[in-house]
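J.: This is the structure I want to talk about, given as structure tokens.
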Amino acid sequence: MAERSAPVGVMDSGVGGLSVLAEIQRLLPNESLLYVADSGHVPYGEKTPDYIRQRLRHIAGFFHQQGAKAMVLACNTATVAAVADLRERYPHWPLVGMEPAVKPAAAATRSGVVGVLATTGTLQSAKFAALLDRFASDVQVITQPCPGLVERIEAGDLASPMLRELLAGYLQPLLAAGCDTVILGCTHYPFLRPLLAGMVPAEVAIIDTGAAVARQLQRLLGARGLLAEGPARATRFWSSADPGNLENVLPLLWHTPDSVQRLPM
């Protein structure tokens with residue numbers, strides 16, 4: 001039986017999951033957090049599902065070694081490829097995945113047209129197709145794969161002319177189709193909210209699922225009597241790439257310039 005004071009492991013293919021980590025820390029300030037950026041293998045959106053499953057098995061094993069009481073897959077592509085496999089392997093371990101916010105977007109739209117910005121892997125998945133069938137049968141959904149965005153954000157680029165041009169090209173077909181609600185279907189994309197807000201009309205809603213993931217983690221821990229009573233220990237970070245790369249980006253995307261360790265092979 002895990003202890004209340006045990007940490008929660010959060011992973012992403014890179015730095016995108018920091019947007020979810022922030023929501024978890026905001027809702028559950030007593031929880032001690034571990035973060036793994038699998039940056040040596042980013043972007044996941046272009047990898048095969050089997051490749052991603054192998055990576056997630058390795059990261060889940062690492063979190064177990066660290067004594068984590070729960071694991072959050074703060075990555076839509078990783079969730080699509082690997083969460084079912086991990087739930088089979090760890091049936092008694094609380095696991096929280098991500099999925100694009102199709103249900104709240106379908107409820108929020110007034111024009112009946114919803115746009116989705118996501119990775120190729122997420123948009124081509126059976127899980128995403130099932131979400132559309134279940135929650136979006138009465139609305140038109142325009143999907144837009146966004147190759148290159150993850151790499152720009154990984155490099156700490158949140159506002160360059162190159163990024164702006166890339167994003168404008170991805171937004172154009174959504175806005176031309178009359179979308180009044182845009183789903184951010186990748187955990188990297190919330191870091192572009194300030195830029196996006198200046199590129200879409202004020203009446204266009206921008207939706208992501210970080211806060212919903214934090215609430216689901218709270219529910220799972222609460223149901224098992226595992227909510228920490230605090231105080232939280234400092235968040236610890238690992239990367240499968242050069243730790244210095246993540247250390248350089250953390251001050252832009254996180255509130256403290258923490259040190260980063262290399263993820264064991």
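Derivation of every value follows stated rules applied to the coordinates shown; laboratory data play no part. Model, not experiment: these values are computed from the prediction. As a convention, Cβ positions derive from the backbone with ideal geometry for all residues, glycine included, and neighbour counts pool all protein chains shown.
J.: How far is helix 126-135 tilted off the main Cα axis of the chain, in degrees rounded to 10, range 0 to 90?
T.: 60
J.: What residues have an amide H closer than 5 Å to that of V141, excluding those fewer than 5 places away on the same chain, when H is modeled at 1.01 Å from N in the peptide plane?
T.: Amide H neighbours of V141: V114.
J.: For region 102-208, what class follows from the C-alpha gyration tensor (a ≥ b ≥ c being the square roots of its eigenvalues): rounded when a/c is under 1.5, otherwise prolate if a/b is larger than b/c, else oblate?
T.: oblate
J.: Okay, moving on. Can you give the angle from 0 to 90° between the axis of helix 243-253 and the longest principal axis of the chain, with both taken from C-alpha atoms, to the nearest 10?
T.: 60
J.: Could you tell me the relative contact order of the chain? Use alpha-carbon pairs under 8 Å, at least six residues apart, and round to a whole percent. Don't skip to the end; give the middle numbers.
T.: Values: 490 pairs, mean separation 75.6, N = 265.
Taking the mean separation of contacting Cα pairs over the length of the chain, I get 29 percent.
J.: Can you give the helix-only mean residue ellipticity at 222 nm for the chain, where every DSSP H stretch with n ≥ 4 adds -39500 (n - 2.57) and the sum goes over all residues, rounded to the nearest 500 deg cm²/dmol?
T.: When only DSSP H runs of four or more count, the value is -13000 deg cm²/dmol.
J.: Under a Cβ-Cβ cut-off of 14 Å, what is the net charge of the residues other than Y35 that fall near it, where Lys and Arg count +1 and Asp and Glu count -1?
T.: Here the charged neighbours net out to -3.
J.: Express in % the proportion of alpha carbon pairs of the chain at distances exceeding 29 Å.
T.: Looking at the chain, the distances longer than 29 Å represent 28 percent of pairs.
J.: List the extent of the Cα atoms of region 1-71 along each of their three principal axes, largest first, rounded to whole Å.
T.: For region 1-71, the Cα extents along the three principal axes come out at 36, 26, 16 Å.
J.: So what is the relative contact order of region 102-208, in percent, for Cα pairs below 8 Å that sit 6 or more residues apart? If you can, show how the numbers build up before the last one.
T.: On the way: 147 pairs, mean separation 39.0, N = 107.
This gives 36 percent for region 102-208.
J.: Setting aside same-chain residues fewer than 8 positions from K127, which lysines have a Cα under 22 Å from its Cα?
T.: Answer for K127, where 22 Å is the Cα cut-off: K47, K103, listed by chain and number.
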